[in-house]
Amino acid sequence: MYKIKIRNLIGAVLVGQTALFGAQAFAETKTEVTISHYFTGELGLGGLKEIFSEFEKESGLTVKDSPIGHEDYKAGILVRAAGHNLPDVISYWAGARTQFIIDSKSLRPIDGMWAKNNLDNVIAKSVADGATLYDGKRYLVPFGYHYAGMFYNTSVLESVGVTSTPKTWEEFLTLCATLKSNGIDPIALGSKNRWPAQFWFDYLLLRTAGADYRADLMNGTAAYDDPEVVKAMSMWKDLYDAGYFVENSNANTWTDASDKVMRGDAAMTLMGTWITGYWNGQGMKPGEDYEFFPFPTIDASIPDAVVGPIDGLVISADAENVEGAEELLNFMVSNTEAQAKWANIQGALSANVNVDQSNYTSVMQHALATINAADTFAFNYDLSTPPPVAEVGLSMFAEFMDDPSKMDAILERVAGDAASAFKN
């Protein structure tokens, strides 16, 4: 798939990442499994530690856990991969990012472990086919997956007399206008770390140009100054120009935006289902205090697509304890109690077909039904294109939110930058 070599990205990594992810002592015996992951803070670290504890009781192994902040992890893990300094297991996002480090010979296939534990009967086929196979081999077990939808404060919509959520773009624009006329900011976006803005690009492009065109853009056979991209970005600009976004989006994180909706300062935010874990932890009640609606249809002739990430676990090529690593991966995906606990804590859906759906909140059941009804499940932008290209695009979204009036110049420049990143 993507053959961009990892050394071409390392030069762009911020100075100091090597120190942040400096060498860690690997286990001297085979009773310890080392793991690094990005599930920190609001992303469920406490719950993950509980799951690791259960694994330790069942297996007799010790988990040496090294959580890394989400943003630092993205660049730092590539530094460690380049230096052959990965722990036994790492968490990683399925899609182009996993392919990228596979191409650098940093991961170990898990076909034997997969067959031994009969994971074909554990993991949903649609997820397995789309997320675990790379170059014909299994590399990843899905720990959980998410869906991005328009999450809203129910009391805010009720306060302006809205009794049904929009299904079409015209209805969505009417909703935004109604909220704005009542002094309520329609949309909160926290793009300080860039990635939350990607969902707007993803859905606008998927709803206007379709999944096949988007795939072409993600693999470099389409360009960022194509008419299809210009149309999607122009629709985004129209929303901004109408004043429908909270001001200074780039000053806020995704949790800041979520807080604005929770407080009723804004009505809705386009975000992944991990927001449910965050809001539940703040005392909001799913189905009562908040809900979501799917991103509206723009062109009814285009098949429906949903967007989201799949969080996976992979084994490094230089793992010290391969057997223990395989045992940990199998536990994390096969143990239904662990999967149900993670779903509730993080606001995730389980890829394990044996997890009872009654474990999900009403909002998460709604999300699952929405995914199942869609024609396509697409990885979000930064998981669908190689990391060097994703860096170009993510920066584009943040620059756009700073000043959408420069859209044409931004797209012209990014078209060249992306083409160069694909070639290097």
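Values quoted throughout were computed directly from the atomic coordinates according to the rules given, and no laboratory measurement underlies them. Predicted model only: the values in this text are computed from it and were never measured. Neighbour counts run over all protein chains shown; Cβ positions are idealised from the backbone, glycine included.
The table that follows gives values for the structure above.
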read-out: Expected 222 nm ellipticity per residue - DSSP helices of 4 or more, -39500 (n - 2.57), all of the chain, to 500; value: -14000 deg cm²/dmol
read-out: Size of electric dipole in the chain: Cβ of Lys, Arg +1 and of Asp, Glu -1, about Cα centre, debye, nearest 20; value: 640 debye
read-out: Interchain or long-range residues, amide H under 5 Å from Thr385's placed H; value: Ala96
read-out: Per-peptide average of other Cβ atoms within 10 Å, ordering 216-222, 263-269 highest first; value: 263-269, 216-222
read-out: Violating pairs (Cα-Cα greater than 20 angstrom) within the set Lys167/Lys285; Lys237/Lys406; Lys192/Lys237; Lys180/Lys237; Lys192/Lys423; value: Lys167/Lys285; Lys192/Lys423
read-out: Cα centroid separation - the range 268-284 against the range 72-99, whole Å; value: 27 Å
read-out: Cα long-axis angle, helix 169-181 against the chain (0 to 90 degrees, to the nearest 10); value: 70 degrees
read-out: Three-way shape call for the range 229-383 based on the alpha-carbon gyration tensor, with the a/c threshold at 1.5; value: prolate
read-out: Hz values of 3J(HN,Hα) by residue in the range 198-212 - Karplus curve (6.51, -1.76, 1.60), Gly and Pro given as x; value: 4, 5, 5, 5, 4, 5, 5, 6, 5, 7, 10, 10, x, 5, 5
read-out: In degrees, nearest ten, helix 70-82 long axis to first principal axis of the chain (Cα); value: 40 degrees
read-out: The range 22-153: C-alpha gyration tensor shape, a/c 1.5 cut-off, then a/b vs b/c; value: rounded
read-out: Fraction of antiparallel bridges per DSSP, the chain only, in percent to nearest 5; value: 60 percent
read-out: For the range 51-63, Karplus couplings with θ = phi - 60° (6.51, -1.76, 1.60), whole Hz, Gly/Pro x; value: 5, 4, 4, 5, 4, 4, 5, 6, 9, x, 8, 10, 9
read-out: Overall form of the range 95-214 per C-alpha gyration tensor (a/c, 1.5; a/b vs b/c); value: prolate
read-out: Under-5 Å amide H pairs with Val141, H placed in peptide plane, nonlocal only; value: Leu313
read-out: Cα-Cα over 25 Å, subset of Lys260/Lys341; Lys30/Lys105; Lys57/Lys116; value: Lys260/Lys341
read-out: Farthest toward positive dipole pole in the range 99-152 [+1 Lys/Arg, -1 Asp/Glu at C-beta], among Phe151, Ser126, Pro109; value: Pro109
read-out: Karplus (6.51, -1.76, 1.60) ³J(HN,Hα), θ = phi - 60°, over the range 402-419, in Hz, Gly and Pro reported as x; value: 6, 7, x, 5, 8, 3, 4, 5, 4, 5, 4, 5, 5, 4, x, 5, 5, 4
